[in-house]
1. Taking the residues in the stretch 104-116 that are surrounded by 10 or more Cβ atoms within 10 Å (Cβ to Cβ) and modelled with pLDDT under 85 as candidates, determine which candidate is farthest from residue 55 (Cα to Cα).
2. Considering 91, 100, which residue is part of a strand (DSSP E or B) and touching a helix residue (DSSP H, G or I) at 6+ places or on another chain (Cβ under 6 Å)?
3. Out of the residues in the stretch 59-80 that are at pLDDT 85 or above and part of a loop (DSSP other than H, G, I, E, B), which is nearest to residue 43 (Cα to Cα)?
4. Suppose the filter is closer than 30 Å to residue 94 by Cβ, outside any strand (DSSP E or B), free of Cβ contacts under 8 Å to residues at least 40 places away in the same chain and outside the structural domain of residue 107 (by TED's automatic domain parsing); does residue 55 pass it?
């Protein structure tokens, strides 16, 4: 028969300290998981809002905002260091805008204005 020495095993204090450390780690993990879940839900809502805004912007006809823009195209070297001085071609465009309103997840109605380039005057395009 063997005699068990008094120094073997864990004391009550050691068990309580290890339980406390385990509980603290579990609380930290729960907080991290909760944060990630909330971030994922927020990201999904942002994607839904963005998709709704893009769809409405795509399907909204532009209105003339007044003014025109002129885009001048010149030759550039392959490495991008040298720019030519002669205009190869120029494009005129009328400035327009699209106003899009939508309702977000909280029920707030928001309106965004997108500025677009329209056909130049006299081209006979379908836009105003």
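1. 105
2. Being part of a strand (DSSP E or B) and touching a helix residue (DSSP H, G or I) at 6+ places or on another chain (Cβ under 6 Å) holds for just one of 91, 100, which is 100.
3. Per the criteria, the residue is 60.
4. So residue 55 fits the description; yes.
The values are calculated or read from the model by the stated rules, or taken from the named source; none is laboratory data. What you see is a predicted model, and the numbers here were worked out from it, not measured in a lab. Methodologically, a virtual Cβ is constructed for each residue, glycine included, from the backbone with ideal geometry; neighbour enumeration extends over all protein chains shown.
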